[in-house]
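Peer 1: Sending over a structure as structure tokens; questions will come in a sec.
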Amino acid sequence: MKRNPLLLVLLALAMIAAACGSDDASETEAGSDAAETEESADSDASEDEAMEEEEHDDDAMEDDAMEDDAMSEDFPVDINHDGGVSTVAAQPMRIVSLSPTATEMLFALGAGDQVVAADTYSNYPAEAPTTELSGFEPNLEAIAAEEPDLVVLSFDPGEIASGLDAIGVPTLVFGSAFTIDDVYRQIAELGIATGHIDEAATLNAEIMTGLDAAVAEYGDAGAGVRIYHELDDTFYSASSNGFIGVLYGLLGVENIADEADTDGFGFPQLSPEYLIEADPQVIIFTNQVGYSADDIAARPGWDTMSAVASGNVLQVDADVASRWGPRIVEFVELVGAELAAVSVNS
């Protein structure tokens, strides 16, 4: 059979075209397969990352839950205080402190971040949230407005604790300490009430160590030194039956107010005649009274006192001298240094 050359050429071109089309299709298909493979790999990687992130979040949530569980295990707690026994159901995060001493204790034992409001005299430490709230005349409505979950008072006039209890807010009353053990007890109870038991124990240990060191350094110098602690210009003083006197007693001093404190009240009122006869070697007063050492020296007949004649009239920070918190170490050190100077110059 005779074949048409033109037809053969056309068939050959058609075959070449078909072959080229087949190659392009293969390449497209291969590219599609590769894209699908890459997309699958990316999807798998994303799933892996998502799973890892989810596991990390689960771990974090589990850690937080464990911390919350550990925290909740410490509560509820029953706190012994001057007003009786109060139950703190959960760790308080909105504490209102109407006691400058309690405010210092709370910050020193690590609960400062939990204090949302403090009374007008809570001026230490500097970060204390001082407000216009009164610790001497506490107002129930003003306290409740702070939305507290724990309130600490230095005294209860009679209706504050019961009023707060009626709205479900536990109240602790910690009045003035009479002994150093009272200081340790109050710090320990506040540590339990706020969830800082270990920190409170550490703070008490630091105070104890500081007092021991001050006595070791200055105890001999204070032995037998006659002191007069003046509270105001009507000559009220602090005997050894009060907390300030207890601190003086650590240094072995002779407190001239002791003989006059016949009822053991701790704060007897003396007379100018009694003081001149007692002849203190050191007079200590605070910066709260509004007069100076020169004013004391100018009192009639006081120039004959050993303390005045030798210039041993010491003014101290009223807050340090009157608060029974962590800064009692600072007070003993300050008085100890003065007593050491007196013994040298006597």
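Peer 1: According to the square roots a ≥ b ≥ c of the eigenvalues of the Cα gyration tensor, what is the shape class of the stretch 187-277, taking rounded for a/c under 1.5, prolate for a/b larger than b/c otherwise, and oblate for the remainder?
Peer 2: Oblate.
Peer 1: Sort the stretch 218-345 into rounded, prolate or oblate with this rule: let a ≥ b ≥ c be the square roots of the eigenvalues of the Cα gyration tensor; rounded if a/c is under 1.5, and if a/c is not under 1.5, prolate when a/b is larger than b/c, oblate otherwise.
Peer 2: Rounded shape, in that the Cα axes give a/c under 1.5.
Peer 1: Follow-up question, since we're still on this one. Under 17 Å from a label point 7 Å along Cα→Cβ of Ala145: give me every residue in the stretch 151-166 with its amide N that close.
Peer 2: Residues 164 qualify, since their backbone N sits under 17 Å from the label point.
Peer 1: With a cut-off of 8 Å between alpha carbons and a minimum separation of six or more residues, what is the relative contact order of the stretch 65-185 in percent?
Peer 2: RCO, the stretch 65-185: 24 percent.
Peer 1: Could you list the GluC sites (Glu not before Pro) in the stretch 159-229 that lie in coil according to DSSP, counting only those with at most 14 other Cβ atoms within 10 Å of their Cβ?
Peer 2: Taking the stretch 159-229 and a limit of 14 other Cβ atoms within 10 Å, the loop GluC sites (Glu not before Pro) found are Glu159.
Peer 1: Then there's this: If you filter the stretch 116-145 for GluC sites (Glu not before Pro), then keep DSSP loop positions with at most 10 other Cβ within 10 Å, what is left?
Peer 2: Answer by residue number: Glu127, Glu132.
Peer 1: Give me the percent relative contact order of the stretch 218-345, please, defined on Cα pairs under 8 angstrom at least 6 residues apart.
Peer 2: 30
Peer 1: Run the dipole for the stretch 167-244 about the Cα centre, Lys and Arg Cβ at +1, Asp and Glu Cβ at -1, nothing else charged, and hand back the magnitude in debye, nearest 20.
Peer 2: With Lys and Arg at +1 and Asp and Glu at -1, about 180 debye.
Peer 1: Taking the inverse of the average 1/r across all pairs of different Cα atoms in the stretch 77-195, what Kirkwood radius in Å do you get?
Peer 2: After inverting the mean inverse Cα-Cα distance, the result is 13.8 Å.
Peer 1: Could I ask something else about it? Give me the number: length gained by fully extending Phe267 to Glu330, i.e. 0.36 nm times residue separation minus the C-alpha to C-alpha distance, one decimal in nm.
Peer 2: Here the answer is 20.5 nm.
Peer 1: Is there a quick way to get the dipole size of the stretch 239-346? I mean about its Cα centre, with the Cβ of Lys and Arg at +1 and of Asp and Glu at -1; what is the value in debye to the nearest 20?
Peer 2: Rounded to the nearest 20 debye, it is 260 debye.
Peer 1: While we're looking at this one, here's another question. Putting +1 on Lys and Arg Cβ atoms and -1 on Asp and Glu Cβ atoms, find which of Pro272, Gly325, Ala340 reaches farthest to the positive end of the dipole of the stretch 218-345.
Peer 2: With unit charges placed on the Cβ atoms, the residue in question is Gly325.
Readers should treat all values here as calculations from the given coordinates under stated rules, not as data from a laboratory. Fair warning: this is a prediction, and the values are worked out from it, not measured in the lab. Note: ideal-geometry Cβ built from the backbone for every residue, glycine included; neighbour counts use all protein chains shown.
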